[in-house]
1. So, by mean Cβ neighbours within 10 angstrom, what's the order for 86-92, 15-21 with the highest one leading?
2. Can you compute 3J(HN,Hα) from phi for each residue in region 123-134, using the Karplus curve 6.51 cos²θ - 1.76 cosθ + 1.60 with θ = phi - 60°, rounded to whole Hz and x for Gly and Pro?
3. How much FRET efficiency would the formula 1/(1 + (r/R0)^6) give for LYS5 and GLN28, where r is the Cβ-Cβ distance and R0 is 41 Å, rounded to 0.05?
4. Using θ = phi - 60° and the Karplus relation 6.51 cos²θ - 1.76 cosθ + 1.60, list the HN-Hα couplings for region 100-111 in order, rounded to whole Hz, with x at every Gly or Pro.
5. Taking 7 Å along the Cα-to-C-beta vector as the label spot, tell me the VAL99-GLN125 distance in nanometres, rounded to one decimal.
6. Taking the Cβ-Cβ separation of ALA36 and MET58 as r and a Förster radius of 30 Å, what is the calculated FRET efficiency to the nearest 0.05?
Amino acid sequence: MRENKMIGDIKAHLGTYTEALNLRAYRQQVLASNIANADTPHYKARDFDFTAAFEAAMGKRESQGSVGVARTHPGHMGGLDAGLAHVNLQYRSETQSAVDGNTVDMDVERAQIADNSLQYQILTQFLSDKISGLRTAISSNQG
């Protein structure tokens, strides 16, 4: 019984990091989409507030135990963004006007993608350190 509680605690603790990683990966896709559409007429740049999305994800996880996708048919596959329904994707405010109506500012996008990449890298290092610590604790208890 105690072992199941420990596994659940570890899963919940690591779940926080994996949720943050999923959100960072999704944000990278959104930002890359903005860059890819920099020359598309009338394209509106999109982004989301990472902090608000993370808090919403943690709130849903705590209230429901876990966030899952309802599959109404055996042939349905879970989508990549299916667990990210709590993300409030919004249009970015225009920083420069363009004749073609495109709101992508490459300087803003590059800065955001660099920051998001750095945050993703930090999260992966934290997660790696946590797993290394767990491995050390497990191996020292077995001797």
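1. 15-21, 86-92
2. With the stated coefficients, region 123-134 comes to 4, 5, 5, 4, 5, 4, 5, 4, 5, 4, x, 5 Hz.
3. Efficiency for this residue pair is about 0.70.
4. Working through the residues one at a time gives 8, x, 6, 9, 6, 10, 4, 5, 5, 4, 4, 5 Hz.
5. 4.6 nm
6. 0.50
FYI, it's all coordinate maths here, none of it is from the lab. None of the values given here were measured: they were computed from a predicted structure. Backbone-built Cβ (ideal geometry, glycine too); neighbour counts: all protein chains shown.
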